[in-house]
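Notes to accompany the following structure.
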Amino acid sequence: MALIQVRNLVKEFAGQSVLSNVSLDLQEGEVKVLMGSSGSGKSTLLRCLNRLVEPTSGSIQFKGAEITGAHVNVRELRKQIGFVFQQFALYSHLTVLENVTLGLRKLQGLGLSQANEKALFELSKFEMTAHQSKYPSQLSGGQKQRVAIARALAMDPAVLVLDEPTSALDPVMSRDVADLINGLHVNGITMICVTHDLSLAKNISDRVLFLDKGVIRADERIDVLSGNQVDADIQAFFGERAAN
Ligand SMILES: Nc1ncnc2c1ncn2[C@@H]1O[C@H](COP(=O)(O)OP(=O)(O)OP(=O)(O)O)[C@@H](O)[C@H]1O
Ligand SMILES: [Mg+2]
């Protein structure tokens, strides 16, 4: 059974279709990369997975249980789905350590010393221990993303969902965070990742889902996709990326 099974997912905003009958499976230990032009619905799809966006229709099963609908315990669901955003989404009034312990304390109910211990363990994996007392404004973009990833992983999520984790970073930091995500992949963390970064996509996943105006147009090996000579939209998308 797939960890996440999406079937015929539809999302409309004010009558405008943003996702049209999207179906996908994410197996445990698998990494799926989602690519597509701006506005194609990538973030909306990710946000449906943890109920930040309510689908118009269709089904999403997580560990075999339906997670759309009013009866679902959204808090329990979010404990198991770690999210990492392009803009880091750290709390600016909290230190690095407090950013990581917040969910452990509020969602997992850990006491302060246990939460600190767990958070420091995660921060040490990303070489951020020395920065534990800093505020987000005192960190570089790459460091902020390390904290955001440590914060997500501290919750021991079943899956890590990453929405353009490197696109707010300069090329050097972007490589650094990409290497780190590649390390998570090597360690068998289940992930679904939206990225425009071809080399990150190539490193972490064999196959890429290509979303075009809310429709999955391809589920293909990235070298096949980027060499596509048949589909003009896919060709244009990857042509642009290669030129960057
Ligand atoms: N809350 C919302 N209300 C209305 N329209 C929305 C909302 N969120 C997204 N949309 C629209 O849905 C479409 C898809 O947006 P989405 O953010 O999913 O695209 P994306 O593929 O992630 O784009 P990008 O690469 O720029 O991040 C866009 O046309 C966007 O304007
Ligand atoms: Mg987006």
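The values are calculated or read from the model by the stated rules, or taken from the named source; none is laboratory data. Predicted model, so just to flag it, every value in this text is computed and none were measured. A quick note on method: Cβ atoms are made from the backbone with ideal geometry, for glycine too, and the neighbour counts reach across all protein chains shown. These accessible areas exclude ligands, DNA and RNA; they are computed on the full protein's heavy atoms, side chains included. Shrake-Rupley method; radii C 1.70, N 1.55, O 1.52, S 1.80 Å.
Selection among SER167, SER133, LEU225 by position relative to the dipole of the stretch 131-244 gives SER133 as farthest towards the positive end (Cβ unit charges, Cα centre).
In the context of the full protein assembly, GLU30 retains an accessible surface of approximately 50 Å², using a probe radius of 1.4 Å and ignoring ligands and nucleic acids. Compute the separation of the alpha-carbon centres of the stretch 50-100 and the stretch 114-129 and state it in Å as a whole number. If you average the Cα positions of each part, the centres end up 22 Å apart. Per residue, the accessible area of the chain comes to 46 Å² when a 1.4 Å probe rolls over the protein heavy atoms.
Dipole size of the chain about its Cα centre, with +1 on Lys/Arg Cβ and -1 on Asp/Glu Cβ: approximately 660 debye, rounded to the nearest 20. Count the lysine pairs in the stretch 51-134 that are 8 or more places apart or on different chains: how many have C-alpha atoms under 20 angstrom apart? Lysine pairs, 8 or more places apart or on different chains, close enough: 6.
Along the stretch 209-221 the Karplus relation, 6.51 cos²θ - 1.76 cosθ + 1.60 evaluated at θ = phi - 60°, assigns HN-Hα couplings of 8, 10, 9, 9, 6, x, 10, 6, 8, 7, 9, 8, 5 Hz to successive residues, with x for each Gly and Pro.
So what's Rg/Rh here for the stretch 192-233, counting alpha carbon atoms and using the Kirkwood radius for Rh? The partial results should precede the final answer.
Numbers: Rg = 10.1 Å, Rh = 10.8 Å.
For the stretch 192-233, the value is 0.93.
If you take all other residues with their beta carbon under 15 Å from the beta carbon of GLY39, and give Lys and Arg +1 and Asp and Glu -1, the sum is -1. Among residues other than VAL84 with Cβ under 12 Å from its Cβ, the summed charge is +1 (Lys and Arg +1, Asp and Glu -1). Here the chain has 48 percent of its accessible surface on carbon and sulfur atoms, given a 1.4 Å probe and all protein chains in place.
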